[in-house]
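First comes the structure, then the notes that go with it.
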Amino acid sequence: TGIPNGMGFTVLTLFPELITSFFNHGIIGRAMEKKLIVGDTINIRDFTLDRHKSVDDKPYGGGCGMVMTPEPLFRAIDEARSRRGNARVLLMSPQGKPFDQSRAREFAAAGENLIFVCGRYEGIDERVYHGEVDEEISIGDYVMTGGELAAMVIVDAVTRLLPGVLGGESSAELDSFENHRLEHAHYTRPFEFEGMTVPEVLLSGNHGEIEKWRRSSSLKRTFIKRPDLFHKETLSAEEKACLKIWCRELEA
Ligand SMILES: NC(=O)c1ccc(N[C@@H]2CC[C@@H](O)C2)nc1
């Protein structure tokens, strides 16, 4: 990414401790230690100017719930932009552009610093969206009490694609959805568990046969669990042959 200390992720939130805990564990925590990413939080409440440190107010036009006021958000976003140049401000919202693996790859490839605006209550004042937000993003068609989980989903999915983050233990290239197919089944010891054993081919050491079995496993689970993915990438001749054999076995 050419950025000296890794890709920046700044999360604007009313609950920073939710985010710092996420930044300090597992693969993400190690990426922080290795300076492959720089993750930090900004507490929106620190940018209020009134005695009560209020961040929300009643909605114009009436109705239930509260709306986040624009001033603290504007100031918090400006502070985030000042911390690292070349940043993209993302608003977490059910109305946003759907986030998926290809979008995660785009963010990771661009290496641009990302600033996440996490709303609470009914939402944020529209003028923040028009004045400061570069893009609105949704992680799925459902409503949550806050944008924080959406921000963590995006940080997680993007970080694991950055060079050096996953190291040798697994590779993002072979991910499910990488080729619009689900991942093959995984097995580890013990060989027999609850009366169920592991497909012998996986113990054969025959890497050609193992790869063939894994492609077949991936194809079958995609066929059963997510046939819609076939519209994204049509079946290869090998896949068609494999499915034909499998269907014949099922009919037998
Ligand atoms: N599907 C999503 O990505 C998503 C994002 C945010 C969200 N809720 C927040 C709380 C109030 C408003 O700021 C938006 N819900 C769902």
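The values are calculated or read from the model by the stated rules, or taken from the named source; none is laboratory data. None of the values given here were measured: they were computed from a predicted structure. Here Cβ is always computed from backbone atoms with ideal geometry, including for glycine, and neighbour counts include all displayed protein chains. Please note that ligands, DNA and RNA were not included when accessible areas were found on the heavy atoms of the full protein model with its side chains. Shrake-Rupley method; radii C 1.70, N 1.55, O 1.52, S 1.80 Å.
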_Selection from the range 206-244 of residues that are surrounded by fewer than 11 Cβ atoms within 10 Å (Cβ to Cβ) and either hydrophobic (A, V, I, L, M, F, W, C) or not in a helix (DSSP H, G or I) (or both)_ = Ile224, Thr234, Ala237
*Go through (1) assigned to a helix (DSSP H, G or I); (2) within 16 Å of the chain's Cα centre (by Cα); (3) touching a residue at least 12 places away in the same chain (Cβ under 8 Å) one by one and return the number of the condition Leu162 breaks.*
(1)
*Could you count how many residues in the range 14-36 are without any contact (Cβ under 8 Å) to a residue 24 or more places away in the chain, surrounded by 14 or more Cβ atoms within 10 Å (Cβ to Cβ) and not in a helix (DSSP H, G or I)?*
0
*List pairs: first in the range 227-252 and farther than 15 Å from Glu178 by Cα, second open to solvent by 70 Å² or more (accessible area, probe 1.4 Å) and not basic (Lys, Arg), Cβ under 8 Å, 6+ apart or cross-chain?*
Leu243/Phe223
*Considering the range 138-159 alone, what residues qualify as being of a type in the set (A, V, I, L, M, F, W, C) and assigned to a helix (DSSP H, G or I)?*
Leu149, Ala150, Ala151, Met152, Val153, Ile154, Val155, Ala157, Val158
*Go through Ile124, Ile44, Ile77 for me and flag whichever is among the aliphatic types (A, V, I, L, M) and either under 27 Å from Ala172 (Cα atoms) or within 22 Å of the chain's Cα centre (by Cα) (or both).*
Ile77
*Taking the condition in contact with a Gly (Cβ under 6 Å, 6 or more places away or on another chain) and within 15 Å of the ligand (Cβ to nearest atom), does Cys118 pass?*
yes
_Exclusive hit being at pLDDT below 95, open to solvent by 70 Å² or more (accessible area, probe 1.4 Å) and either over 34 Å from the mean Cα position of the chain (by Cα) or not aromatic (Phe, Trp, Tyr) (or both), set Leu250, Leu203_ = Leu250
*Taking the range 41-71, which residues are open to solvent by less than 30 Å² (accessible area, probe 1.4 Å) and more than 14 Å from the ligand (Cβ to nearest atom)?*
Ile42, Thr48
*Can you find a residue in the range 97-115 that is without any contact (Cβ under 8 Å) to a residue 40 or more places away in the chain, within 14 Å of the ligand (Cβ to nearest atom) and on the phi < 0 side of the Ramachandran plot?*
yes
*asked:* Suppose we filter Arg127, Arg88, Arg120 for residues that are at pLDDT 95 or above and either β-branched (Val, Ile, Thr) or part of a helix (DSSP H, G or I) (or both); which single one remains?
replied: Arg127
*Matching residues, the range 142-177, being more than 30 Å from Ser54 (Cα to Cα), among the charged types (D, E, K, R) and either modelled with pLDDT of 95 or more or within 10 Å of the ligand (Cβ to nearest atom) (or both)*: Asp156, Arg160
